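To keep things clear, I will list the structure first and then write my remarks on it.
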């Protein structure tokens, strides 16, 4: 783990630990929780897009599977919430393997369209066969660990961000390992990395599973926090939103996912005061971000920091 | 679906897709209309990315 990553982890841990000390407003904490849930999906997509060079517009599908599978298993089959989350991740990863095996040959726009189709099919299935149909279902049990049930918003906030810290440590270690280097080589040139003895087929499937499991975990956390699910949260719009987070935050750095999730989640809440003009300003800000910060926010910050420190 | 670089392909693809969509809506469930269209698209992409009438060369030459 590099020095920069270690510092960033410490800063994030400090922010997470301190921010509830200044406020006990449930509204602000809930925004924090949603930022965390979105960040989890965005980090998975960052690994998939920025490091492995594969595009996916089907993250909402995995997110939805995680949420629905975990909710149904714990509500109707009486599994402990922790176990049902694991099973949901297992189901999502099996689907990811099926998708990845077939999508191996596709590149660029074709891959985007194929994953988009997958996400949309999941959405339609949830709409038709999902518990309660389009209007959804409730009474999903709250999260509980070793007999202790998390009830207050504050506890959820800490739990979700602790999950993210663990997952960030895991991801950073993974990306610094030989597997991570192989992923970056695959992004650079598939032929060249094949010649170096990297098994591209296996690697692509693995990275698809990784991003699906992250999305599914985020989905289960969402389901057990809100305790109510309806399919409308898992439509194509969410996939596009996650893509936006990754692009705004910066694809080339894993911290971009968290930065992007923070901006995309918090921005509409700040703009709420503008009443009906909020969507207009929201769109304008995002367009300007893409026009003037092509690489995203995180790489820009790192560049500025390097300039400043070398002076 | 019909195949890029073939105008006949687009017409045939449209025909097949439209008829299959309506059949699903009639015989199975109208909610699955779009799902079937997407499934066919995925199927074509996985089996023969160039499309039914398309040739692999067109796919390779065409850059988006």
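The values are calculated or read from the model by the stated rules, or taken from the named source; none is laboratory data. Just so it is clear, the structure is predicted and the values come from calculations on it, not from any experiment. We place every Cβ from the backbone using ideal geometry, glycine too, and count neighbours over all the protein chains shown.
Those residues that are modelled with pLDDT under 75 and within 14 Å of chain A (Cβ to nearest Cβ), I need them from the range B:32-64; list them, please.
Within the range B:32-64, B:48, B:49, B:50, B:51, B:54, B:56, B:58, B:59, B:60, B:62, B:63, B:64 meet the criteria.
Assess whether residue A:256 counts as being at pLDDT below 90, within 12 Å of the chain's Cα centre (by Cα) and under 29 Å from residue A:82 (Cα atoms).
yes
Tell me the residue from A:55, A:124 that is at pLDDT 85 or above and more than 27 Å from residue A:168 (Cβ to Cβ), please.
Of A:55, A:124, the one residue that is at pLDDT 85 or above and more than 27 Å from residue A:168 (Cβ to Cβ) is A:124.
Restricting to the range B:14-31, give me the number of residues that are within 19 Å of residue A:129 (Cβ to Cβ) and either within 11 Å of another protein chain (Cβ to nearest Cβ) or surrounded by fewer than 17 Cβ atoms within 10 Å (Cβ to Cβ) (or both).
The total comes to 6.
Residues are listed down the side, and each one gets a yes or a no for (1) within 10 Å of chain B (Cβ to nearest Cβ); (2) under 16 Å from residue A:228 (Cβ atoms); (3) touching a helix residue (DSSP H, G or I) at 6+ places or on another chain (Cβ under 9 Å):
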residue: A:115; (1), (2), (3): yes, no, yes
residue: A:118; (1), (2), (3): yes, no, yes
residue: A:124; (1), (2), (3): yes, no, yes
residue: A:130; (1), (2), (3): no, yes, yes
residue: A:137; (1), (2), (3): no, yes, yes
residue: A:150; (1), (2), (3): no, no, yes
residue: A:155; (1), (2), (3): no, no, no
residue: A:158; (1), (2), (3): no, no, yes
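So which residues in the range A:96-112 are assigned to a helix (DSSP H, G or I), more than 7 Å from chain B (Cβ to nearest Cβ) and in contact with a helix residue (DSSP H, G or I) (Cβ under 8 Å, 6 or more places away or on another chain)?
Scanning the range A:96-112 gives A:96, A:97, A:99, A:100, A:101, A:103, A:111.
When you go through A:271, A:210, A:217, A:203 one by one, which is the residue that is free of Cβ contacts under 8 Å to residues at least 24 places away in the same chain and surrounded by 15 or more Cβ atoms within 10 Å (Cβ to Cβ)?
Residue meeting the stated conditions: A:271.
So which residues in the range A:10-32 are surrounded by 11 or more Cβ atoms within 10 Å (Cβ to Cβ) and under 14 Å from residue A:156 (Cα atoms), if there are any at all?
Selection gives A:16, A:17, A:19, A:20, A:24, A:25, A:26, A:28, A:29, A:30, A:31, A:32.
Check whether at least one residue in the range A:27-41 is in contact with a helix residue (DSSP H, G or I) (Cβ under 9 Å, 6 or more places away or on another chain), free of Cβ contacts under 8 Å to residues at least 40 places away in the same chain and part of a helix (DSSP H, G or I), and report yes or no.
Within the range A:27-41, one or more residues are in contact with a helix residue (DSSP H, G or I) (Cβ under 9 Å, 6 or more places away or on another chain), free of Cβ contacts under 8 Å to residues at least 40 places away in the same chain and part of a helix (DSSP H, G or I).
From the set of residues in the range A:170-200 that are part of a loop (DSSP other than H, G, I, E, B) and touching a helix residue (DSSP H, G or I) at 6+ places or on another chain (Cβ under 8 Å), which is surrounded by the most Cβ atoms within 10 Å (Cβ to Cβ)?
Per the criteria, the residue is A:198.
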